[in-house]
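Peer 1: Please see the structure below; I have some questions.
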């Protein structure tokens, strides 16, 4: 099909705590699977207060994030150059390949973040402290 339309209410929620290969133990909606995307990964991530995606990087994938709900503390930048940034609803940020990034819900309510990654490759994450700067 050349196009697809879905509503987030119709996309099943996946509990990642049931998937051993994928940390962290968060809830997601795999919009890319519902839409049948080929070249981009598209997920809604749900964070309870205190939950986080730890600081990591990807070898190939560029990731764009957008806060829909909640208050987050972002850790961004290459190893040794990390910065912490506050982010609330309406905030975008991007992490290029091999650039460290992570975020924690620091609010008292559930947080929701839209994550868009391209290319759509299996790029589970690297330790930014082990990436050689060339």
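The values are calculated or read from the model by the stated rules, or taken from the named source; none is laboratory data. Keep in mind it's a predicted model, so treat the numbers as computed, not measured. Neighbour counts run over all protein chains shown; Cβ positions are idealised from the backbone, glycine included.
Peer 1: Can you report the number of residues in segment 84-108 which are farther than 22 Å from residue 28 by Cβ and either free of Cβ contacts under 8 Å to residues at least 12 places away in the same chain or in a strand (DSSP E or B) (or both)?
Peer 2: 3
Peer 1: Select from segment 109-124 the residues that are part of a loop (DSSP other than H, G, I, E, B) and surrounded by fewer than 16 Cβ atoms within 10 Å (Cβ to Cβ) and write down the one among them that is farthest from the chain's Cα centre (by Cα).
Peer 2: 109
Peer 1: Sort out for me the strands (runs of 3 or more DSSP E) sitting completely within segment 1-74 that have 3 or more residues that are touching a helix residue (DSSP H, G or I) at 6+ places or on another chain (Cβ under 9 Å), at pLDDT 90 or above and under 23 Å from residue 92 (Cβ atoms).
Peer 2: By residue number, 27-30, 41-47.
Peer 1: Could you grab me the full set of residues in segment 75-94 that are exposed (fewer than 14 other Cβ atoms within 10 Å of the Cβ) and modelled with pLDDT of 95 or more?
Peer 2: Matches in segment 75-94: 83, 84, 85, 86, 88, 89, 90, 92, 94.
Peer 1: Moving to a separate point now. All but one of (1) touching a residue at least 12 places away in the same chain (Cβ under 8 Å); (2) under 20 Å from residue 130 (Cα atoms); (3) over 15 Å from the mean Cα position of the chain (by Cα) hold for residue 81; state the number of the condition that does not hold.
Peer 2: That leaves (1) as the condition not met.
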